[in-house]
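Novice: My structure is below; once you've seen it, I'll send some questions.
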Amino acid sequence: MQFSVRASLEQFTLAHPSGTGALRISVAAPAVAAPATGVPVLYVVDGDMLFGMAAEIARAVSSVAGFPAHYVVGIGYDAAYADFLKLRTADLTPPIGADAIEGLGALGTAIGGERGGGADAFLAFLIETLQPEIATRYPQTVGGVPVLFGHSLGGLFAAHALLTRPDGFGAFIASSPSLWWDGFSILQRLPVFAERLAALPRQPRVFVDVGAKEQDLPTSVPDGLGVTLEEAQAQVRAARMVDGAREFADALRAAGATELRHVGFAEEDHVSVAPAGIIHGMRFALGRER
């Protein structure tokens, strides 16, 4: 395969698990020679925003043998930004009570909090529909490690996937996970997770990261988000992103997770931490760093 200045791109659509609409699947093949079978696959939710970044990182690091060549698969919506915010919330979040939605205030309205709750159906789609489809279209991936990456609400989804279906992927990267969703109710799944984990013949590798500056209070808010500075600061306080990620990793260890790494990236915030999470998360997922 001729080395390219940019990552490859193939796209196709699959029916959304809700029965309405479609998902745009983007695929980047390895930029360098790869084995005939057993090539790992990185599945990236929020593909509209993060697929391009993940594909370019994969191209760059595999070209210098940073870690093994792998496919990158992005799952997205091909929608306007305002619609994308609501579509991702619908798919990436577990069910939430009416009181919790009201507590989100203007932020909940902006991201479509009332439409959340589809995480289980979306996860089933990734495992039972998308993974077999990728195996059929790209036979090199058969036998390769499937890795799930999610950031922010996607990180919450990766955490939910780990706790509910730890056998669904060979590795989980929960980058800056929004564990605060529904009052940190996701932590209630830890006891059952411990039982599921103990029953597995082989543990998945788990990487939990966060930006060390994520609990710093903002001094301004982006235009168009519909949230005041005071509301944004209150959300940061309640989210406890740095403390929550650390406590979640500790709880996973206590539940029996041994193939686990937690990192707080110095100088990174909630946005800038995403590429660091991809690079270091994949390195750990593929067994290149403990």
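The values are calculated or read from the model by the stated rules, or taken from the named source; none is laboratory data. Note that this is a predicted model, so its numbers are computed, not measured. When we count neighbours, we look across all protein chains shown, and the Cβ atoms used for this are built from the backbone with ideal geometry, even at glycine.
Novice: Taking PRO177, is it of a type outside the set (Val, Ile, Thr), assigned to a loop (DSSP other than H, G, I, E, B) and either touching an Asp or Glu at 6+ places or on another chain (Cβ under 8 Å) or surrounded by 15 or more Cβ atoms within 10 Å (Cβ to Cβ) (or both)?
Specialist: Taking the combined requirement at face value, the residue satisfies it.
Novice: Hey, among ALA251, ALA257, which residue is under 21 Å from ASP167 (Cα atoms), assigned to a loop (DSSP other than H, G, I, E, B) and in contact (Cβ under 8 Å) with a residue 60 or more places away in the chain?
Specialist: Selected residue: ALA257, the only one of ALA251, ALA257 that is under 21 Å from ASP167 (Cα atoms), assigned to a loop (DSSP other than H, G, I, E, B) and in contact (Cβ under 8 Å) with a residue 60 or more places away in the chain.
Novice: Search region 50-61 for residues that are over 16 Å from ALA34 (Cβ atoms) and in a helix (DSSP H, G or I) and pair each with any residue that is modelled with pLDDT of 95 or more and polar (S, T, N, Q) when their beta-carbon atoms are under 7 Å apart and the residues are at least 6 apart or on different chains.
Specialist: Cβ pairs passing all conditions: PHE51/SER26.
Novice: What are the residues in region 118-129 that are surrounded by 20 or more Cβ atoms within 10 Å (Cβ to Cβ) and part of a helix (DSSP H, G or I), if any?
Specialist: Once the filter is applied, which keeps residues that are surrounded by 20 or more Cβ atoms within 10 Å (Cβ to Cβ) and part of a helix (DSSP H, G or I), region 118-129 yields ALA119, PHE122, LEU123, PHE125, LEU126.
Novice: Output yes when any residue across region 147-168 is basic (Lys, Arg), surrounded by fewer than 24 Cβ atoms within 10 Å (Cβ to Cβ) and more than 19 Å from VAL73 (Cα to Cα), and no when none is.
Specialist: yes
Novice: Tell me which residues, restricted to region 139-174, are part of a loop (DSSP other than H, G, I, E, B), free of Cβ contacts under 8 Å to residues at least 60 places away in the same chain and of a type in the set (Gly, Ala, Ser).
Specialist: Passing the criteria: only GLY168.
Novice: Would you call VAL44 under 22 Å from ALA276 (Cα atoms) and in a strand (DSSP E or B)?
Specialist: When the stated conditions are applied, VAL44 passes them.
Novice: Here is a list: ALA33, ALA79, ALA69, ALA65. Which entry is part of a loop (DSSP other than H, G, I, E, B), farther than 21 Å from GLU133 by Cα and either modelled with pLDDT of 90 or more or touching a Gly at 6+ places or on another chain (Cβ under 6 Å) (or both)?
Specialist: Matching residue, one of ALA33, ALA79, ALA69, ALA65: ALA79.
Novice: If VAL147 meets every condition in (1) modelled with pLDDT under 95; (2) closer than 22 Å to MET282 by Cβ; (3) of a type in the set (A, V, I, L, M, F, W, C) apart from one, which number is that one?
Specialist: For VAL147, the failing item is (1).
Novice: Among the residues of region 193-235, write down those that are free of Cβ contacts under 8 Å to residues at least 60 places away in the same chain, part of a helix (DSSP H, G or I) and surrounded by fewer than 17 Cβ atoms within 10 Å (Cβ to Cβ).
Specialist: Selection gives GLU195, ALA198, ALA199, LEU229, GLU230, GLN233, ALA234.
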